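Here is the structure we will look at, set down as structure tokens.
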Amino acid sequence: MKKAFILASAVLAISLCQSCIQNGFEVFPPDELGMAEHDFYVGQEGGDLDIPFVTNKQGIISFIDKADESWLRLGFNTFDSDSTLRVHIQPNTGFQRRSDILFSTDTRTDTVYVFQRGGVEEKFKFSETFVLVYNGTGGSKTIATDVNVPLDRIKTEVRYSGDEEWITDFRLTSNTLTFSATDNPDRNYMRRALIVISYEDGWKDVQTAEITVLQARSDNIIGTFFTPEELRSLATVSGFTLPDDALFEGYIVSTTEGGNAGDAVVDDYKQGTGVIDYTLTDRTAYIESPDGQYGFRLVTDTETDNNFQRYSRVCLRLGGAVIRKSETQPFHYTIEGVSSNNLLMSSDGTATMPWKEKYIGELTDNDINTLVKIKDCEIAMRKGPFTPVNEGYTSACGYNRLAKYPILIRDIKGGSMYMFTNMTCTYRRNGETLPYGSGNITGIVVHENYKSFERSGNIGRYQLRHLIREEIDLKPDFKDNFSGIITEFRYVKYPGEFDKTVLPEAILATKGNGEMCHTYGAVGNYSPSYFYIGKCGSSRKGKYAEGAGIELDEGGIYQPWVDNGTESAQNTDGKGWFKDNIKLSWSNKNWWDSDNSRGYCWLVNFSTAGISSDKVSMQFAMYNNAQGARSPRYWKAQYAIGTVDTSKANDSKWKDIGEFVVPDVAIWASQHDWQTLGTRVYDFPLPTEILGHDSVSIRLMPSNNKAGTTKVNSYDDSTIANGTGYNTMDYFAVRYNK
């Protein structure tokens with residue numbers, strides 16, 4: 001674009017090469033001097049370089065540094081029109097070098113830069129970035145160096161933490177840097193200085209090395225090293241201020257690269273009139289003890305203070321920082337008030353850091369705030385993005401109700417846990433389908449509250465925070481998974497003309513065998529769903545064809561929004577939702593049989609004939625989508641072998657799987673802390689006795705008549721209202737370990 005503009009200017013200049021009279025005024029052409037490129041790179045072998053330029057004025061070409069004439073020769077040094085300057089460059093057997101060539105007229109100047117690589121690499125390396133100095137040792141310290149640039153090009157500056165200058169006698173050679181230090185007379189405080197060494201390289205860029213010098217107190221004590229146990233014993237809920245000489249060593253195991261390192265603070269959750277402090281995730285780091293057994297969350301003063309290198313072994317001076325412990329168990333610990341000045345030593349710890357790998361059931365409280373690879377796991381729901389939520393409540397649409405969202409992961413041994421994804425996560429909704437296969441997920445084990453789930457069944461003792469997309473190391477294809485599917489419903493699939501169903505008015509499994517119905521009648525209505533996998537927000541609306549992240553076994557993706565080759569709009573309001581007619585979610589509004597004082601239910605029937613395994617389980621996703629208008633709150637899951645009869649008279653044939661609580665979807669004007677902004681995924685182990693049978697049934701039904709309303713604090717003080725209280729099913733599957 002720049003070059004085109006310059007050429008267009010040249011054409012214009014030709015037409016205005018002479019002044020003319022317009023409306024009684026004499027008009028002169030504009031001055032012109034310029035080139036499309038300013039930086040030119042050549043190899044050490046040299047050669048000829050052509051530099052085209054445009055001008056409509058006379059001028060001269062010269063070297064800013066006359067010494068460059070020794071290795072560069074200009075084809076000409078005067079001009080009066082557009083031309084191309086040929087420059088001859090001599091071979092370079094030394095360091096890299098740069099020449100600045102000045103083009104000038106009486107009204108304009110421009111500069112071209114020629115960079116030539118050299119036959120010799122410039123070396124400017126120092127063996128240590130942290131030096132500890134004791135008193136009474138002669139005050140001399142030597143650091144190994146690898147320097148081959150001229151020493152007269154190197155500058156040294158010392159920056160002190162106090163007013164006293166206590167470092168002297170610098171001597172730099174190609175092999176060593178030596179300096180002296182006067183003894184520290186202070187009994188209470190160490191001294192700290194920063195040696196900054198710099199030089200301008202052959203390409204005129206400034207290269208800098210920094211060496212931190214820490215000097216012990218007068219008694220040669222550098223501080224008090226605290227063990228993880230000692231730090232934890234000092235922590236209080238209100239916070240304990242650590243002593244000035246407090247030191248702690250450990251490994252930094254986090255990064256802010258993916259926007260998912262830490263929790264964010266939601267101010268005024270119910271009304272959404274406040275703001276979410278997203279800076280908290282950028283100010284969060286995690287440090288493990290040297291043995292990897294304990295972890296602490298670090299919260300720095302600013303985002304720029306959180307400049308720790310991941311997998312580095314560090315020594316932190318924590319004097320004045322505050323350590324807190326959580327109000328409730330499991331206790332976890334946070335150190336606040338940390339800055340970049342607290343970093344005394346840092347070195348690459350990749351080779352020495354203890355790497356932890358565990359199954360979910362092996363996690364303990366000591367794993368909180370540490371980095372753990374969760375082994376042999378999978379994402380429990382095969383549809384949608386990492387955050388299947390209503391984006392209308394997020395910052396993407398300019399509102400601040402939602403900062404993070406949990407999805408469920410499970411492992412080969414039957415353990416499950418929620419995994420948090422922030423609304424600032426860079427890859428949370430980027431158009432890519434979730435990986436269907438199994439593998440490992442590496443992240444920080446945390447214990448964080450999630451209001452929408454706390455009252456609707458606990459969020460669990462531990463959660464996981466992934467940090468970068470590559471560490472969600474799951475195979476993309478479901479064929480590469482430890483689990484196989486017996487029955488799965490990802491969207492509504494109707495029986496064909498010749499299909500026979502066991503259940504009345506049933507829909508069919510989209511993978512495996514089986515069918516589903518509702519015992520009041522047909523499955524019923526269909527619900528809007530927030531499974532659009534592409535980017536969302538108030539500026540992204542319309543026909544973005546990423547889909548819902550449902551890949552089909554026969555190839556391609558589920559595309560019900562394409563009708564006769566014409567694509568209808570997805571994500572029409574930027575909130576990431578699909579309309580109900582796409583049938584990604586199904587719902588019913590009749591849930592209480594008053595005549596028999598019991599609930600109606602979702603009923604699934606399938607065959608397990610020929611299947612044997614040591615693990616079998618059920619996953620489903622559900623929420624109440626009538627916005628709190630008297631939908632069922634408390635539920636139970638049961639199974640039966642050889643029957644589909646859910647009548648009260650047949651209850652003795654049904655065995656309990658477990659109980660669960662279903663949250664309501666949020667209402668914009670009156671969001672409550674038990675209302676969610678997306679679907680909740682559940683995981684239940686199933687008894688292996690269901691395997692090897694032609695007919696197995698599972699029912700999900702209200703366990704009592706309690707329901708909530710839209711009123712304040714009306715979590716379960718009402719009753720189920722048929723015709724009003726919708727419940728929505730987003731997903732259902734039964735899996736087994738292959």
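Each reported figure results from applying straightforward, stated rules to the coordinates on display, with no laboratory input. All figures in this text were calculated on a predicted structure; none of them were measured in a lab. Reconstructed Cβ throughout: ideal geometry from the backbone, glycine too, with neighbour counts over all protein chains shown.
Key figures
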read-out	value
Relative contact order for region 349-440, counting Cα pairs under 8 Å that sit 6 or more residues apart, in percent	32
Segment residue 724-residue 327, extension gain: residue separation times 0.36 nm, minus the distance between their alpha carbons	138.9 nm
Extension gain from residue 525 to residue 279, taking 0.36 nm per residue of separation minus the Cα-Cα distance	84.4 nm
On Cα atoms only, tilt of 2-15 relative to the major axis of the chain in degrees	60
Computed magnitude of the charge dipole of the chain (debye, nearest 20; Cβ of K, R +1, Cβ of D, E -1)	2200
Inter-label distance, nm, simple model (7 Å from Cα along the C-beta direction), residue 538/residue 693	5.4
Taking 132, 434 and counting other C-beta atoms within 10 Å, the order from fewest to most	132, 434
Proximal charge balance of residue 332 [Cβ under 14 Å; K/R count +1, D/E count -1]	-1
Other-chain or far-sequence residues with amide H under 5 Å of residue 716's (modelled H)	none
Radius 14 Å from Cβ of residue 722, net charge of other residues (Lys, Arg +1; Asp, Glu -1)	+1
Antiparallel bridges, percent of DSSP beta bridges restricted to the chain (to nearest 5)	90
Under Karplus coefficients 6.51, -1.76 and 1.60, residue-wise ³J(HN,Hα) of region 480-494 in Hz, glycine/proline x	9, 9, 6, 9, x, 9, 8, 8, 8, 10, 10, 7, 7, 10, 8
Binned Cα-Cα distance frequencies in region 203-303 - 10 Å width, integer %	11, 27, 33, 19, 8, 2
Exposure proxy order (Cβ contacts within 10 Å, fewest to most) of 71, 355	355, 71
Cβ-based net charge around residue 378, under 14 Å, with every Lys or Arg adding one and every Asp or Glu removing one	+3
Relative contact order %, the chain, counting alpha carbon pairs below 8 Å whose residues are six or more apart	9
Orientation-averaged projected area, Cα convex hull of the chain (nm²)	46.4
Gyration tensor verdict on region 124-215 (Cα atoms; rounded if a/c is under 1.5, prolate if a/b is larger than b/c, oblate otherwise)	prolate
Positive-end residue, the chain charge dipole about Cα centroid, Cβ charges, pick of 253, 647, 707	647
Fewest-first sequence of 405, 199 by Cβ atoms within 10 Å of each Cβ	199, 405
